[in-house]
1. Take the residues in segment 101-154 that are free of Cβ contacts under 8 Å to residues at least 40 places away in the same chain and acidic (Asp, Glu); name whichever of them is most open to solvent (accessible area, probe 1.4 Å).
2. Quick check on residue 243: is it open to solvent by 50 Å² or more (accessible area, probe 1.4 Å) and within 15 Å of the ligand (Cβ to nearest atom)?
3. Looking at 300, 350, can you tell me which residue is part of a helix (DSSP H, G or I), over 18 Å from residue 33 (Cβ atoms) and either in contact with a strand residue (DSSP E or B) (Cβ under 6 Å, 6 or more places away or on another chain) or open to solvent by 10 Å² or more (accessible area, probe 1.4 Å) (or both)?
4. Yes or no: segment 271-289 includes at least one residue that is acidic (Asp, Glu), part of a helix (DSSP H, G or I) and away from the ligand (no atom under 16 Å from the Cβ).
5. Right, residue 275: closer than 28 Å to residue 24 by Cβ and surrounded by fewer than 21 Cβ atoms within 10 Å (Cβ to Cβ) or not?
6. Report, ordered by the first and then the second residue, all pairs with beta carbons closer than 7 Å, sequence separation of six or more or different chains, a first member in segment 162-191 that is on the phi > 0 side of the Ramachandran plot and in a helix (DSSP H, G or I), and a second member that is at pLDDT 95 or above and surrounded by fewer than 14 Cβ atoms within 10 Å (Cβ to Cβ).
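The values are calculated or read from the model by the stated rules, or taken from the named source; none is laboratory data. The structure displayed is predicted, hence computed values, not measured ones. Please note: Cβ atoms are built from the backbone with ideal geometry, for glycine as well, and neighbour counts cover all protein chains shown. Remember, those area values only see protein heavy atoms, side chains included, never the ligands or the DNA or RNA. Shrake-Rupley method; radii C 1.70, N 1.55, O 1.52, S 1.80 Å.
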Amino acid sequence: MRLDIKLPTFFPDATRGVIKSIDSLDLTLSGIEGIIVNTYHLYNTPGIDILKKAGGIKNFMNFNGTVISDSGGFQILSLVYQNSKLGKIEDSGVTFFQISKGGDKKTVFMSPEKCIETQFDIGSDILITLDDCPPRWKESKKDIKSHINRTIMWAKRCKDEYLRQIKLRKLKNKPLLFAVIQGGEYKDLRKYCAEQLIKIGFDGYCFGGWPMKENGEFNIEILSYTAKLMPQGAFKYALGVGDPASIIQCAKSGYNIFDCVLPTRDARHKRLYLFKKNPDKVNILNDTDLFEFILINKEKYKDDFSTISNFCDCFTCKNYSKAYLHHLFSIEDTLAYRLATIHNLRVYSKTIELIRN
Ligand SMILES: [Zn+2]
């Protein structure tokens, strides 16, 4: 493995090449070492021509960290399965039907090969195969098997295209290629999918699909089981996981890469993550009562001039009070999003640092 990253690691979602309200310097200030971008969204805007001219997403964003590109299987395919007006999925690839604001209709076709070529153009360090993510909990076991078979077939085509692109581009620094293990809540299907993907051979393996049970509980059992199927020494990526406590649970099960929209989306919804006690003084892997959250728009914070958290060393906590953040949210100033996002990301990066130690 050639990629030089510290593990475990957490990547916030910069779907369209930006984390809303913060820039690359803010990311570094928050202790964030990498981001995940979305292939399909970047393909649409700004478009591959622009990204190529810019010299890739890192140059474009002025970001020096690690970049993962998600193929888009998770969100986008599940949307298409829910609403056939949004597109169709066939063995050849996915066709998306787009309607512009002006009402113009356009179709975009994404094959496994095009998905990989696009990720090379984006300039990611880690590419992810196009996978066929089954819709949530609605499917029979037989139906899920058909999604798995397509996921495996697409993974093989992605690997072939990956090898072809490396030859074609004469790359010295090869990106890594990860594949996605599907199978819903069925252990035998997860096992079958993992075995077939391992035969093809990838640098890393991802847990794909929904990490929650239908009742909303975090499904650590299927995540742990799937981690054990992944080869020793491979990167193990829990896609879309999760809140800090879930990340700790997954890290204990062997996962070493995480991404999630929660810290940044919650920040914009006034939900701030806090350590309940000094995180440097607990065993983070065994403490089940370490995190809480506050809603900063609550009335009681309007004249609370204390820092957001005594256990946080972020830019926001060092410089601003709860009352000021409360005020910024109440007048809907965009600075509120920035300061809240920096803080929540720091809680995540601190959690990751403590797991490493
Ligand atoms: Zn903070």
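1. Here the answer is 104.
2. no
3. Working: 350 fails: over 18 Å from residue 33 (Cβ atoms).
Of the residues listed, the single one that is part of a helix (DSSP H, G or I), over 18 Å from residue 33 (Cβ atoms) and either in contact with a strand residue (DSSP E or B) (Cβ under 6 Å, 6 or more places away or on another chain) or open to solvent by 10 Å² or more (accessible area, probe 1.4 Å) (or both) is 300.
4. Going through segment 271-289, the residues acidic (Asp, Glu) turn out to be 280, 287, 289.
Then drop every residue that is not part of a helix (DSSP H, G or I), which leaves 280.
Still in the running and away from the ligand (no atom under 16 Å from the Cβ): none.
There is no residue in segment 271-289 that is acidic (Asp, Glu), part of a helix (DSSP H, G or I) and away from the ligand (no atom under 16 Å from the Cβ).
5. Working: closer than 28 Å to residue 24 by Cβ: yes; surrounded by fewer than 21 Cβ atoms within 10 Å (Cβ to Cβ): no.
Spelling it out, it is not the case that residue 275 is closer than 28 Å to residue 24 by Cβ and surrounded by fewer than 21 Cβ atoms within 10 Å (Cβ to Cβ).
6. Between residues of segment 162-191 that are on the phi > 0 side of the Ramachandran plot and in a helix (DSSP H, G or I) and residues that are at pLDDT 95 or above and surrounded by fewer than 14 Cβ atoms within 10 Å (Cβ to Cβ), there is no close pair.
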